[in-house]
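The values are calculated or read from the model by the stated rules, or taken from the named source; none is laboratory data. Every value quoted in this text rests on a predicted model; they were computed, and no experiment measured them. With ideal geometry, Cβ positions are generated from the backbone for all residues, glycine too; neighbour counts draw on all protein chains shown.
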Amino acid sequence: MNYNRLLTFSETFYSENSEENIKKYLENGFSIEKMEYELTDKNAEFYFAELDRKVIGYLKVNVEESQTVIKVRTHLRLNGFTC
């Protein structure tokens, strides 16, 4: 899953950011600790897409306190990363 996130992020945002910003985000946003936190968050759900028994993408649903952009209880945010 982390590889899919890394690849999608890099392809999407690399051209719009400095090397320093990309490096900082990749170090913090894709660490094992960050993944463990996200996977055990009671206000986040993950759904995985598989092809030939390999994860090819996933969808993350954030609700309540786990929202990072919209902080409204009646809303949710979908984070989708695919390859």
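Selection of the range 3-21 for residues being at pLDDT 80 or above, part of a helix (DSSP H, G or I) and surrounded by 10 or more Cβ atoms within 10 Å (Cβ to Cβ) yields only ASN21. For MET35, the test of being modelled with pLDDT under 80 and either within 15 Å of the chain's Cα centre (by Cα) or among the charged types (D, E, K, R) (or both) is failed.
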